[in-house]
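Quick note: the coordinates plus some simple rules give every number you see, no bench work behind them. All of these numbers come straight from a predicted model, not from anything done at the bench. Using ideal geometry, Cβ is built from the backbone for each residue, glycine included, and neighbour counts are taken over all protein chains shown.
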Amino acid sequence: MTARRIRIVAVFAISFIFLLAWAFPIVWSVLNSLKNDRDVLAYPPKLIFTPTLEAYRDVLFGSASILPNLVSSFIIAIGTTVITMLMAVPAAYALARLRFRGKKFAGFYVLATQMLPPVGIIIPYFLILRNIGWIDTYQGIILIYLSFSLPFAIWLLVSYFEDIPFEMEEAAYLDGASRLRTLWRIIIPQVRGGIAVSIVFVFLNAWNEFLFAVVLSGNTVRPVTVAMFNFVSVEQTLWAKLAAVSVLAMLPVVILGVVAQKNIVKGLTVGAVKGGGRR
Amino acid sequence: MAKPTTAAIPASGIAAATASGDLGRVLAQRERRFAAALLAPAFLALLATTTLPLMFLVGTSAFRMDLAMPFADGFVGFENYRALLADERFWSSLLVSLIYTGSTVVLQVALGLALALLVMDMKRGQGWFRLIAILPVVLSPAVVGMIWRTFMLAPEFGIVDFLAINAGLGSKNWLGDPLLAMISVVVIHTWQWTPFAFMVLLASLASLPEDIYEAARLDRASAWQRFRRITVPLLRPAIVMVVIMRTMVALTAFAAIFTVTAGGPGTATEILNLYTYRKSFTELSIGYGSALAVALLVVTILISGVLFALRRAK
């Protein structure tokens with residue numbers, strides 16, 4: 001074998017190992033979720049078996065259904081996304097394009113809030129929300145989620161707003177358009193790409209959040225990342241059901257990830273260049 | 001709060017204002033008001049969810065506050081901080097945090113860079129990498145932790161244990177042994193986030209100018225020389241940025257350890273985040289937990305300060 005052949009084989013082997021390592025835990029969860037209680041416990045682990053949707057039927061429509069938790073997750077993630085975008089787009093525009101005193105400080109403030117470790121502020125959230133009776137409510141969790149989604153979205157959008165040529169706005173003003181109208185009609189369509197990237201990231205982060213959800217949720221509002229724990233206890237783990245719940249919790253973000261693949265890579269790299277990004 | 005001044009100055013208005021000589025001032029004032037109106041909602045929300053809670057936190061850290069024994073609550077001044085400095089568990093959790101963060105960031109960047117260089121030269125199959133690499137990154141660390149704890153690492157059930165048995169190592173208690181547990185949580189974090197370093201570095205590699213490499217090849221520079229003299233210096237800003245971002249995330253990691261070991265066995269994988277959480281919400285010592293949270297903030301600020309200074313130093 002020539003050195004070139006060896007090189008090609010080595011590259012292929014290493015690539016294959018990495019791809020397998022990344023895909024395997026996910027694929028394995030999917031396979032386990034399709035097994036019955038006997039197959040899931042088989043040793044050595046079974047790769048070939050008769051697939052069944054039993055576990056899904058149980059976790060979705062059984063006595064301990066996680067359907068309400070999936071609904072909670074969706075309400076929280078969508079609510080956070082909508083409110084974040086409504087606030088972040090105007091703020092990012094002002095930070096990127098308008099002149100005002102304290103602009104530098106405002107930008108720094110947003111960046112600083114983004115660096116806050118969640119564990120560092122969970123105690124006051126818990127005490128304050130308990131005092132105003134907002135524990136275990138959608139408004140409580142969504143409000144707290146703004147603490148990480150807003151700084152991220154603002155920073156991401158600022159970099160998109162900065163790329164628009166100034167001439168576009170000037171032309172619109174000279175035509176007598178108001179500032180708000182210019183922003184809405186001329187500027188925002190230019191940053192559609194950035195808005196899409198932000199929406200994807202804010203939704204992902206809100207869907208995936210765990211620490212705040214553990215402390216601030218309860219029996220009424222409990223996202224699926226927290227509810228998942230019901231299937232693991234000291235006495236026994238309900239393997240197939242746990243796999244099914246994990247897959248259901250992964251499904252929306254994996255679909256979003258695959259569909260919005262380009263957006264995600266763009267968001268990550270914009271963040272890397274500009275210094276944003278959170279988890 | 002000022003209403004947005006949306007009315008544009010009509011042409012005649014501009015002429016009049018110019019005549020009176022204060023067009024610039026009027027326009028600047030309108031711009032300021034408009035900016036304030038646009039910024040107000042986001043900044044009020046940020047004040048309410050970050051600055052205010054922080055002040056509250058500093059306040060509660062000066063109290064003895066025990067949800068289990070509320071009758072003993074009271075102002076204690078700096079007592080919590082004095083206790084913290086003498087608390088061995090605090091220092092050990094800080095050390096675990098640093099080991100966890102340092103090792104996973106080094107692994108992520110090294111593996112991510114190696115893989116990016118490898119994939120960059122591929123003529124086919126890049127698409128597969130881009131697709132598969134997205135998967136771990138979009139998942140919730142809580143779900144990732146749960147999957148690893150059960151289907152990957154559970155003794156005599158998980159795949160890792162199955163492979164270990166077949167390799168003749170025997171079944172191991174992956175999450176019950178202090179050293180193995182630490183390695184496991186580092187591997188899990190590295191598994192989830194190496195794709196991030198990989199994707200960012202691959203994008204940076206792709207944006208490097210091709211002609212420098214052409215010239216280097218004509219000068220008969222070896223592959224190692226090309227890597228050492230061209231790729232590394234040009235990629236440096238991206239690598240530094242990835243290191244900063246990954247460090248900040250590893251420092252705030254919580255869910256992937258909480259779901260896998262909950263800090264155990266004992267305190268073997270108890271990073272400062274987990275100690276703070278356990279103290280506050282398991283042992284219910286909110287006051288002391290607040291002091292720990294403040295310490296966590298200080299540590300985070302110090303480390304990010306050092307990192308950004310390194311970045312500026314070039």
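Assign unit charges at the C-beta atoms only (+1 for Lys and Arg, -1 for Asp and Glu), then state the dipole size of the range B:74-196 relative to its Cα centre in Debye, rounded to the nearest 20.
Details: 7 positive and 7 negative charges, 95 e Å.
For the range B:74-196, the charge dipole is close to 460 debye.
Using the number of other C-beta atoms within 10 angstrom as an exposure proxy, rank A:Glu169, B:Glu88, A:Glu209, B:Glu283 with the fewest first.
By the 10 Å Cβ count, ascending, the order reads B:Glu88, B:Glu283, A:Glu169, A:Glu209.
Can you tell me the dipole magnitude for chain B around its Cα centre, using point charges on the Cβ only (Lys, Arg +1; Asp, Glu -1), in Debye to the nearest 20?
Roughly 1060 debye for chain B.
Dimensions of chain B along principal axes (Cα, Å, largest first)?
Principal-axis extents of the Cα atoms in chain B, largest first: 91, 79, 34 Å.
Kyte-Doolittle cut-off 0.5, length cut-off 15 Å along the helix's own axis using Cα: show which whole DSSP H helices in chain B pass. Before the final figure, lay out the partial values.
On the way: long enough: B:23-46 (34 Å, 0.76); B:88-120 (47 Å, 1.54); B:126-138 (19 Å, 1.44); B:178-206 (41 Å, 1.61); B:232-251 (27 Å, 1.89); B:286-313 (40 Å, 1.82).
Those that pass (Cα extent of 15 Å or more, hydropathy at least 0.5) are B:23-46, B:88-120, B:126-138, B:178-206, B:232-251, B:286-313.
To the nearest 10 degrees, how steep is helix A:138-161 against the longest Cα principal axis of chain A, on a 0 to 90 scale?
60
Using label points projected 7 Å from each Cα along Cα→Cβ, tell me how many nm separate B:Leu94 and A:Leu98, to one decimal.
Taking the simple label geometry, B:Leu94 and A:Leu98 are separated by 4.3 nm.
Calculated from DSSP H runs of 4 or more alone, at -39500 (n - 2.57) each and per residue, what is the 222 nm mean residue ellipticity of the protein assembly as shown, nearest 500?
Taken over the protein assembly as shown, the calculation gives -22500 deg cm²/dmol.
Taking amide H positions as placed 1.01 Å from N in the peptide plane, with prolines and chain starts having none, which residues 5 or more places from B:Phe63, or on another chain, fall under 5 Å of its amide H?
Amide H neighbours of B:Phe63: B:Val76.
Could you check the spin-label model distance between B:Ala83 and B:Ser222? Points 7 Å from the Cα along Cα→Cβ, value in nm.
Those two pseudo-labels are separated by 6.1 nm.
Do you know the relative contact order of the range B:79-313, to the nearest whole percent, from alpha carbon pairs under 8 angstrom that are 6+ apart?
Answer for the range B:79-313 is 31 percent.
Quick one: order A:Arg99, B:Arg64 by neighbouring beta-carbon count within 10 Å, fewest to most.
Details: A:Arg99 11, B:Arg64 17.
Exposure proxy ranking, most exposed first: A:Arg99, B:Arg64.
Could you tally the net charge around A:Leu60, taking each other residue with its Cβ under 15 Å from the Cβ of A:Leu60, Lys/Arg +1 and Asp/Glu -1?
Net of charged neighbours comes to 0.
Output the direction-averaged projected area (hull surface divided by four) of the convex hull of the alpha-carbon atoms of chain A, in nm².
Averaging across all directions leaves 22.3 nm² for the Cα convex hull.
For chain A, what number of Lys pairs, 8 or more residues apart or on separate chains, have alpha-carbon atoms under 27 Å from each other?
Value for chain A: 9.
Taking only Cα atoms, what is the 0 to 90° angle, nearest 10, from helix A:239-259's long axis to the longest principal axis of chain A?
30
In debye to the nearest 20, how big a dipole does the protein assembly as shown give about its Cα centre with +1 on each Lys and Arg Cβ and -1 on each Asp and Glu Cβ? Mind showing how you got there, number by number?
Numbers: 49 positive and 30 negative charges, 337 e Å.
The dipole of the protein assembly as shown has a size of about 1620 debye.
Helix A:261-274 against the longest principal axis of chain A: what's the angle in degrees, Cα atoms only, rounded to the nearest 10?
It works out to around 50 degrees.
Along each of the three principal axes of the Cα atoms of the range B:58-157, give the extent in whole Å, ordering the values from largest to smallest.
Projected onto the principal axes, the Cα atoms of the range B:58-157 cover 69, 30, 27 Å.
How do B:Leu47, A:Leu143 line up, fewest other C-beta atoms within 10 Å first?
B:Leu47, A:Leu143
Please state the equivalent ellipsoid semi-axes for the protein assembly as shown: what are the square roots of 5 times the Cα gyration tensor eigenvalues, largest first, in whole Å?
Taking √(5λ) for each Cα gyration eigenvalue gives 41, 33, 25 Å.
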